[in-house]
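Report on one structure; see the data block that follows.
The values are calculated or read from the model by the stated rules, or taken from the named source; none is laboratory data. This structure is a prediction, so every number in the text was calculated from the model and none was measured. Every residue, glycine as well, gets a Cβ built from its backbone with ideal geometry; the counts of neighbours run over all protein chains shown. Note: areas computed on protein heavy atoms with side chains; ligands, DNA, RNA excluded. Shrake-Rupley method; radii C 1.70, N 1.55, O 1.52, S 1.80 Å.
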2 protein chains.
Amino acid sequence: MGRREDNKAKKRADLETAALQLFLGQGYHATSIEQVAAEAGVARGTFYLYFDDKEALFRSLVGAALDPAIDALVEARAALDVAQDSLQSGAAYQELGSSLVQTVMEYPEAILLFYREQRNPGPIGEWLRTRSSQLDSFVADMVRSLGERGLIRNIDPRFAALAIVGAIDRLVYAWLSGNEFGDPAQVAQEVVRLFGEGLVDQPTTTAS
Amino acid sequence: MGRREDNKAKKRADLETAALQLFLGQGYHATSIEQVAAEAGVARGTFYLYFDDKEALFRSLVGAALDPAIDALVEARAALDVAQDSLQSGAAYQELGSSLVQTVMEYPEAILLFYREQRNPGPIGEWLRTRSSQLDSFVADMVRSLGERGLIRNIDPRFAALAIVGAIDRLVYAWLSGNEFGDPAQVAQEVVRLFGEGLVDQPTTTAS
DNA sequence: AAAAAATGACAGACCCGCCAGTTTTCCTTG
DNA sequence: CAAGGAAAACTGGCGGGTCTGTCATTTTTT
């Protein structure tokens, strides 16, 4: 029977959840392998039977949450490439949005860790920023596409993407950090409206 | 003569600039006092004649950039409290904006460090987040005030503030990290327009 | 020569990754 | 089904390394 396999998988998971809590509590850098092992209830040496080092642990941990998100991004791009009308592309955006929301809801701690460590130097930070910039590029392409179809006013896509991603980033981060503000779905709609109206081409309404 | 004093001040500055480069290059946590001292050309023991520890060094370093910004915030709040018409409050906002831009232009590295370390756990991160949330609160009040005067549509000020600050945050961060995009003044205007039109009350323009 | 500044060795504390020795699990065989 | 042995899993001490903050001593300034 796979009793051995099961135990191994379980212990791996124990180490990962222990690490997740410690990383969130004191940061990746400040957490020692000793602490992770102790928290998971094993000796230091045992850790090395499951992971090469702290970095491999982190990648496994956060990758479990990020990989699905990146996959969703890739799929959305593929769907958009073959989309013929705005109905189909709208569906692709819809699908992407719900995938991303689902990922965040499923791995809130890992995503929070992603936000926390993102700006740190070193290989971990670089790895996270690579993932991050994929989203930036996607949004930039989206803005560019909408601009070319005349649906929004002319604006530097790279600039708009940073603003949009930055706003969402901060909102999600605040929410994951424990700040409460209403129904996420309603918040999402507010974001769309906020940027939607800010991006649409229209005469400048001068409020005195 | 103040020769001694001068040298002391200069050495302090040397230590700070050395630390700034190292913090930006490898992060606060990964930088040792040994490295800072070596980079500044002094022995490790000398460091402790100028700063209590690494944390005091960081606070001094980043505080030099943040304090003026916080001061500008406090002054703007005071000016808004006594402002009677929207001309005066507009001037206060204008003044605040130019102060903040000036601070960023004067201490770009320190501000970048502020963005970098902001989400890390520990006393340093908490200290930075305290400063950060002052800006959040200010913007939230601003949105609330504009809403009460009917200049923008009804929207949760806390939510709008996070979106606005998040977008600006990301743009400034990208710019400080070396991403080029045109004239900062023009970018600022774009931000105002983006959010301005997104916040104004208006019939929902449904683009098919 | 007195005062101030600078130095670097030292003690104490962690941490990493390894690995020889121990314990647990599994499976075969009588 | 029990016994026993091989294999897998686990342990914790060790060597080697880094970092901190102090302080008696040396160097520089006045």
> Given a cut-off of under 8 Å on Cα pairs at least six residues apart, what relative contact order in percent is computed for segment B:1-51?
Replying inline: 32
> Considering only the other residues whose Cβ falls under 14 Å of the Cβ of A:Asp141, what net charge follows from Lys and Arg at +1 and Asp and Glu at -1?
Replying inline: 0
> Tally Lys/Arg at +1 and Asp/Glu at -1 over every other residue whose Cβ is under 12 Å from the Cβ of B:Asp81; what's the total?
Replying inline: -1
> By the scheme Lys and Arg +1, Asp and Glu -1, what is the net charge of all other residues having a beta-carbon under 14 Å from that of A:Ile70?
Replying inline: 0
> Any idea what the A:Asp6 label distances to the other copies are, label 7 Å down the Cα→Cβ vector, nm, shortest first?
Replying inline: 7.9
>> Just to check I understand the Karplus step: with θ = phi - 60° and J = 6.51 cos²θ - 1.76 cosθ + 1.60, what whole-Hz values come out for segment B:61-73, glycine and proline as x?
In response: 4, 7, x, 4, 8, 7, 4, x, 5, 5, 4, 4, 5
>> Within 10 Å of each Cβ in B:156-166, how many Cβ atoms from other chains are there, averaged over the peptide?
In response: 6
> Along segment A:103-119, what does the Karplus equation 6.51 cos²θ - 1.76 cosθ + 1.60 (θ = phi - 60°) give for ³J(HN,Hα), rounded to whole Hz, x for Gly and Pro?
Replying inline: 4, 4, 5, 7, 10, x, 5, 4, 5, 4, 4, 4, 5, 5, 8, 4, 9
> In percent, how large is the relative contact order of chain B, given Cα pairs closer than 8 Å and 6 or more residues apart?
Replying inline: 15
> Given the convex hull of the Cα atoms of the protein assembly as shown, what is a quarter of its surface area in nm²?
Replying inline: 26.1
>> Suppose all protein chains stay in the model; what accessible area per residue would a 1.4 Å probe give for chain A, in Å²?
In response: 53
> Label A:Ser133 and A:Gln21 with points 7 Å out from Cα along Cα→Cβ: what is the distance between them in nm?
Replying inline: 3.6
>> Between 0 and 90 degrees, rounded to the nearest ten: what's the tilt of helix A:3-26 against the longest Cα principal axis of chain A?
In response: 60
> With a 1.4 Å probe, how much accessible area is buried between chains B and A, both sides summed, in Å² to the nearest hundred?
Replying inline: 4200
> For the rotation that superimposes chain A on chain B, which residue of A has the C-beta lying nearest to the axis, and at what distance in Å?
Replying inline: A:Gly198, 2
> Is the shape of segment A:80-123 best called rounded, prolate or oblate, per the rule: a/c under 1.5 gives rounded, else a/b larger than b/c gives prolate, else oblate, with a ≥ b ≥ c the square roots of the Cα gyration tensor eigenvalues?
Replying inline: oblate
> For peptide B:187-200, how many partner chain Cβ atoms fall within 10 Å of a residue's Cβ, on average?
Replying inline: 5
>> Given points 7 Å out from each Cα along the Cα-Cβ axis, report the A:Glu106 to B:Lys10 separation in nanometres with one decimal.
In response: 6.2
>> Could you identify which residue out of B:Tyr173, B:Tyr48, B:Tyr28 has the top mean-square fluctuation in a GNM of chain B using Cα springs shorter than 10 Å?
In response: B:Tyr48
>> Output wanted: per-residue J couplings in Hz (rounded whole) for segment A:79-84, from phi through Karplus 6.51 cos²θ - 1.76 cosθ + 1.60, θ = phi - 60°, x for Gly and Pro.
In response: 5, 5, 5, 9, 5, 9
> Roughly what angle does helix B:122-148 make with the longest principal axis of chain B, taking Cα atoms, 0 to 90 degrees, to the nearest 10?
Replying inline: 20
>> Once you keep just the Cα pairs under 8 angstrom separated by 6 or more residues, what percentage relative contact order results for segment A:67-137?
In response: 27
>> Between A:Arg193 and B:Glu180, what is the label-point separation in nm under the 7 Å Cα-to-beta-carbon projection?
In response: 4.1
>> Quick check for you: which residues of segment B:91-121 have the amide N under 18 Å from the point 7 Å beyond the Cα of B:Asp71 toward its beta carbon?
In response: B:95-108, B:110-111
>> Compute accessible area for segment A:101-124 by itself and then with all protein chains, 1.4 Å probe, and report residues whose area falls by 10 Å² or more.
In response: A:Tyr115, A:Arg116, A:Arg119, A:Asn120, A:Pro121
>> Once you order the gyration tensor axes a ≥ b ≥ c over the Cα atoms, which shape class does segment A:1-51 get: rounded for a/c under 1.5, otherwise prolate or oblate by comparing a/b with b/c?
In response: prolate
>> Number of Lys pairs in the protein assembly as shown with C-alpha atoms less than 22 angstrom apart, excluding same-chain neighbours closer than eight positions?
In response: 6
> Got the A:Met105 label distances to the other copies yet, label 7 Å along Cα→Cβ, in nm, shortest first?
Replying inline: 4.7
>> I'd like the Kirkwood hydrodynamic radius of segment A:110-208, using the inverse of the mean 1/r over distinct C-alpha pairs, in Å.
In response: 15.2
>> Amide H of A:Asp201 versus every other amide H placed in the peptide plane: which residues, excluding those fewer than 5 positions away on the same chain, fall under 5 Å?
In response: A:Arg153
>> If you take each beta carbon of peptide B:29-40 and count the beta carbons of other chains within 10 angstrom, what is the mean?
In response: 1
> What Kirkwood hydrodynamic radius do you get for chain B when you take the inverse of the mean 1/r over all pairs of distinct Cα atoms, in Å?
Replying inline: 19.4
> Considering only the label points, 7 Å along Cα→Cβ from Cα, what distances in nm to one decimal separate A:Gln84 from the same position in each other copy, shortest first?
Replying inline: 6.7
> Size of the dipole of segment B:73-144 about the Cα centre, Lys and Arg at +1 and Asp and Glu at -1 on the beta carbon, nothing else charged, in debye to 20?
Replying inline: 280
> What percentage of the solvent-accessible surface of the protein assembly as shown, computed with a 1.4 Å probe over protein heavy atoms, is contributed by carbon and sulfur atoms?
Replying inline: 53
